[in-house]
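One structure below.
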Amino acid sequence: MDTLRDILDFLVGWALDADLIIRAIPGLMDGLVVTLTMIGSSLLIGLVLALALAAMRLSGKRWLNGPAYAYMFFFRGTPLLVQIFLIYNVPGLFEDIRKSDIWPYIRDPIYWAILALALNTAAYTAEIIRGAILAVPAQEVEAARAMGMSRFTVMRRIMVPHALRISIPAYANEVILLLKGSALVSAISVMDIAGQAHRLYSRTYAPFEPLIAAGLVYLTLTFAITRMAKFAEFMTTPGGKRWWQRVKARVMGRSLDHTPGSGPSRPSEQTS
Amino acid sequence: MTETLALFAFGDTGWGDELLDSLWLTVRLALVSYAIGFVIGLLGAGAKLSRFALLRGAAETYTTVVRGVPEILVVFLIYFGGSIAFQALMSLIGYDGRIEVDGFVAGVVALATVSGAYQTEVLRAGILAVPQGQVEAADAIGMSKLLRFWRIILPQLLRFALPALGNLWLVMLKDTAIISVVGLDELLRTADVAGRSTRMQFTFFFAAAMLYLTLTVVSMMAIQALEKITMRGVKRASQA
């Protein structure tokens, strides 16, 4: 700890108080766990909702398309902070919720924060999915159909892989926006990274050290997300798949044959 | 129903006029911040495309950091840190009074800083989309750099960048809500105050959401109209 303090002191000592930064670290680590939990769960719930929403939008049926459109319009057209406050105040609408037996389990604001973030990201993600599916060239689907693939096979082998690859950059962007938006839940007293930074500020009245330290944590997370997205993008290209085959082959110590039942083989997938 | 409507009455009894006033404050906050953000964006784009590595590095750092950090942290940093930094600056020139940072000014600085980073990226891409040959042609007929920018680059830059700039305006409108956390009486904070004092939080937050939605819809129509103006004389593939 002393070495760390000396290093920090040497680097930023001319402007910032190294002791304060070190004091901020344990709190920020607690906040990091909270932030990651929130992001993870809301991304998961949001993705499921988004798939349903996108399917409704693409269904071509008015009674499905209409509600999904209204939902996405509301959640994309209003500030996330308003949505967080709205959802946080839902229990206030129904006295029964507060009196019921489950209330002690769901009163922690983090659950309402996760719900708000999930509903918000679902709207944006649904638009990404919809756009990606619409962006798959119709000719590819036609060609696959002409080759005699069933509708399901076309979906599994043509549409989903292509749409997935198209949507990765936009989805990574959405994950970053969600990460940044998640900092707003400190407004309903969830102790995430931003909440911890704010608490340390209100104790010490030193704004720069805790806020800059928190900013660095967020920057690291954003950087990690962009790197992971780049990797995911690479892995969904044919080149990425070949690379993965080679890695697997090297790890297993032998070249891999095609696993039976994986469908007709393409020359590009064969490993030498 | 009438009871709920009475909450939004104008005058002393209801919150209607307070909400509309705060809506106007929100619009002003967004407009001023966006305009300053645009200037920052132009300067940032210029710096990113500059010949000098130092300028490029500075602009790159600015956009990377601001776009990778939550807006609320930027707001906190400028609101809490701003007064301290400003005070330190003033004490250098010998002024030792207490300085309070105005919520509106802090809000504008924070929002313009954030929007400027995104606008830098958008405008940079827009400048790069102007055909190089036209820039050379402008040089060849002896236009000054300023004239070249004004007549050749800017009109096309706006055409290319307008959809993305429009999106950033919609983002800006929504980002103004964040300024409520430092106590500026914009739309969300007024709704919060009204909700607490009447114990009708959900109703007032929902009303605020509807007002934000209205701003979004009006803005989308305005953006479409602007797009028509910037696309004057451009033949689209669908019209060919």
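Rule-based calculations on the coordinates, nothing more; no lab input. This one's a predicted model, so the numbers in the text were calculated from it and none came from an experiment. Note that we place each Cβ from the backbone using ideal geometry, even for glycine, and neighbour counts take in every protein chain shown.
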## Note on the structure
Under the 7 Å Cα-to-Cβ spin-label approximation, A:PHE10 and A:ALA232 lie apart by a distance in nanometres of 3.9
### Query
If one takes the longest principal axis of the Cα atoms in chain B, at what angle in degrees, from 0 to 90 and to the nearest 10, does the Cα axis of helix B:82-92 lie?
70
### Message
Can you compute 3J(HN,Hα) from phi for each residue in region B:23-39, using the Karplus curve 6.51 cos²θ - 1.76 cosθ + 1.60 with θ = phi - 60°, rounded to whole Hz and x for Gly and Pro?
### Response
4, 5, 4, 4, 5, 4, 4, 5, 4, 5, 4, 5, 4, 5, x, 5, 4
### Query
What is the dipole size for region B:8-146, taken about its Cα centre, with +1 at each Lys and Arg Cβ and -1 at each Asp and Glu Cβ, in debye to the nearest 20?
740
### Message
Tell me the mean residue ellipticity at 222 nm calculated for chain A from its helices only (DSSP H runs of n ≥ 4, each -39500 (n - 2.57), averaged over every residue, nearest 500).
### Response
-25000 deg cm²/dmol
### Summary
Per the Kirkwood formula over distinct C-alpha pairs, the hydrodynamic radius of chain A in angstrom is 22.2
### Query
What are the residues whose amide H is under 5 Å from the amide H of A:MET149, where those residues sit 5 or more places off or on another chain and H is modelled from the backbone?
none
### Estimated dipole of region A:1-74 in Debye, rounded to 20 [Cβ of Lys and Arg +1, of Asp and Glu -1, Cα centre]
980
### Query
In a solvent-free Debye calculation with one equal scatterer on each Cα, what is log10 I(q)/I(0) for the protein assembly as shown at q = 0.07, 0.10 Å⁻¹, listed in the order of the q values?
-0.49, -0.99
### Query
What ranking do A:TYR218, B:TYR62 get, fewest neighbouring Cβ atoms within 10 angstrom at the top?
B:TYR62, A:TYR218
### Summary
The exposure ranking of B:SER144, A:SER42, fewest beta-carbon neighbours within 10 Å first, is B:SER144, A:SER42
### Query
What residues qualify as long-range amide H neighbours of B:GLY14, i.e. H under 5 Å apart, gap of 5 or more or another chain, H built at 1.01 Å from N?
B:ALA9
### Task
Among the lysines, select those whose C-alpha is under 18 Å from the C-alpha of A:LYS180, and discard any that sit fewer than 8 residues away in the same chain.
B:LYS174
#### Entry: Charge context of B:GLY107, other residues only, Cβ under 12 angstrom, K/R +1, D/E -1
-3
### Task
For region A:1-120, count the residues as N, evaluate 2.2 N^0.38 Å, and divide the Cα radius of gyration by that value, please.
1.58
#### Entry: Only Lys, Arg (+1) and Asp, Glu (-1) charged, at Cβ; the protein assembly as shown dipole about Cα centre in debye
2660
### Query
For chain B, what does -39500 (n - 2.57) per DSSP helix run (n ≥ 4), summed and divided by total residues, give at 222 nm, in deg cm²/dmol to the nearest 500?
-24500 deg cm²/dmol
### Task
Calculate one ³J(HN,Hα) per residue across region A:5-10 by plugging θ = phi - 60° into the Karplus curve 6.51 cos²θ - 1.76 cosθ + 1.60, and present them in order as whole Hz with x for glycine and proline.
5, 5, 4, 4, 4, 5
#### Entry: Peptide B:60-72, shielding by other chains (average Cβ, 10 Å cutoff)
6
### Query
How far is helix A:160-182 tilted, in degrees, relative to the longest principal axis of the Cα atoms in chain A, given as a value from 0 to 90 rounded to the nearest 10?
10
### Summary
Phi-derived 3J(HN,Hα) across region B:207-221 with the Karplus relation (6.51, -1.76, 1.60, θ = phi - 60°), rounded Hz, x for Gly and Pro, is 4, 4, 4, 5, 5, 4, 4, 4, 4, 4, 5, 4, 4, 4, 5
### Acute angle (nearest 10 degrees) that the helix A:109-135 long axis makes with the longest principal axis of chain A, alpha-carbon atoms
30
### Task
Please list, or write none, the aspartates and glutamates whose alpha carbon is within less than 16 Å of the alpha carbon of B:LYS145, excluding same-chain residues fewer than 8 places away.
B:GLU136
### Query
If we count every other residue with Cβ under 15 angstrom of B:VAL234's Cβ, Lys/Arg +1 and Asp/Glu -1, where does the sum land?
+4
### Task
Could you check how many percent of all C-alpha pairs in region B:178-240 are farther apart than 13 Å?
71
### Task
Please give the average number of partner chain Cβ atoms lying within 10 Å of the Cβ of each residue in B:80-87, rounded to a whole number.
3
